[in-house]
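One structure below.
Each reported figure results from applying straightforward, stated rules to the coordinates on display, with no laboratory input. Here the structure is a predicted model, which is why all the values come from computation and not from measurement. Heads up, the Cβs are rebuilt from the backbone with ideal geometry, glycines too, and the neighbour counts pull from every protein chain shown.
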Amino acid sequence: MLITPRQLLDRFDGLARGRQLTAFGLSRYELARAADRGEIRRLRRGVYASTKATDAAIAAARHGGALTCAGALQHHEVWTLEDDDEPHVWLGSTGRVHPHPGCSCVAHYHPGRMSLGVADVRDALIHGYFCHGEEFFFCALESAWRKRLIGAGDRARIRATLPRSAQWLVDFARPDADSGLESLMRLRLHLQGIDDVRTQVHIDGVGRVDFVIEGRLIVEADGEDNHTGPQRHRDLRRDAAASALGYESLRFDYVQILRAWDTVLEAILAALRRAHA
Ligand SMILES: [Zn+2]
Ligand SMILES: [Zn+2]
């Protein structure tokens, strides 16, 4: 035998139907033997898994479909604004649900070619739009683009699949967003009519800053790590240098931007009014 059932399954990311495997020359008997020996798992009739498959993907396969939405995007290392607490399962347009123990899956019936395992980035982005909305979609889209996980053809296909009212999100997306937080900020500011937003700007004497808005306001978006000690000192020195150059600086952390956007926006709008006064 040239390839074992487990090796072949691993090439399918750990999940496949029996007929996908027998197409490579393995017999049903060999699959059954490998399952008996514990080298692979038989999830249900005609569906097999190896240890390469994640728990969420296995739950989705047991349910009768492919893992999609945040779970699939994270599998592909795309940044997501939120997690899915339960597996979101793509059943194709006519998929059949298979009851399984402990099922808490969220089922999606989107058109397209579903195969067991994990939905590809393009499909998971589309499903993510319909499931989680604009912000989730936009941040994940920019993350996927930056990581070169989607190409021009994918973006065109995604755009054509979205409702017309949402297609601008694809046009507005850029391949160079530095983080999900940056994508989110740009999108939210755009929706407030603030479009003079430059990102990752180098300012002599200050260094690289996250955002310069309308040429006057520096906004720094701090990640989840706390700025303490030497980092805190660097931040303060940068703020002083920026002020000396005529900039105003605002600094927000991850939780503020995500959960208290109203207060963040008020602070930005007030600073811009002062800058233009
Ligand atoms: Zn289920
Ligand atoms: Zn979903």
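If the only charges are +1 at each Lys and Arg Cβ and -1 at each Asp and Glu Cβ, what is the size of the charge dipole of the chain around the Cα centre, to the nearest 20 debye? Display every interim value, and only then the final one.
Working: 37 positive and 37 negative charges, 305 e Å.
Here the chain has a charge dipole of around 1460 debye.
Extent of the chain along its three principal axes (Cα atoms, max minus min coordinate, largest first): 78, 44, 34 Å.
When a footprinting reagent is the concern and you count Cβ atoms within 10 Å, what order do Met185, Met114 take, fewest first? Let's see the in-between values first.
Numbers: Met185 25, Met114 22.
Fewest-to-most ranking of Met185, Met114: Met114, Met185.
Can you give the longest run of the chain that contains no GluC sites (Glu not before Pro) sitting in a DSSP loop with at most 11 other Cβ atoms inside 10 Å?
Details: sites that count: Glu77, Glu224.
Longest run free of exposed loop sites: 78-223.
Axis angle, to the nearest 10 degrees, between helix 121-132 and the longest C-alpha principal axis of the chain: 70 degrees. Projecting the Cα atoms of Leu73, His202, Val97 onto the charge dipole of the stretch 69-213, computed from C-beta unit charges around the Cα centre, puts Val97 farthest toward the positive end.
At most 12 other Cβ atoms within 10 Å plus a DSSP loop assignment makes a site exposed; report the longest stretch of the chain without any exposed trypsin sites (Lys or Arg not before Pro). Show your work: numbers first, answer last.
On the way: sites that count: Arg37, Arg45, Arg96, Arg113, Arg148.
No qualifying site falls inside 149-277, the longest such stretch.
Counting every other Cβ atom within 10 Å of each residue's Cβ, Cys139, Cys131, Cys69 order from fewest to most as Cys131, Cys139, Cys69.
Taking other C-beta atoms within 10 Å as the exposure proxy, Val97, Val47, Val255 rank Val255, Val97, Val47 from fewest upward.
Semi-axes of the stretch 180-276's equivalent ellipsoid from the Cα gyration tensor, sqrt of 5 times each eigenvalue, largest first, rounded to whole Å?
The three semi-axes for the stretch 180-276 are 20, 17, 12 Å.
Taking Cβ atoms as reference points and 13 Å as the exclusive limit, the residues near Val170 contribute a net charge of +2, counting Lys and Arg as +1 and Asp and Glu as -1. Adding -39500 (n - 2.57) for every DSSP H run of four residues or longer, then dividing by how many residues the chain holds, sets the calculated 222 nm ellipticity at -13500 deg cm²/dmol.
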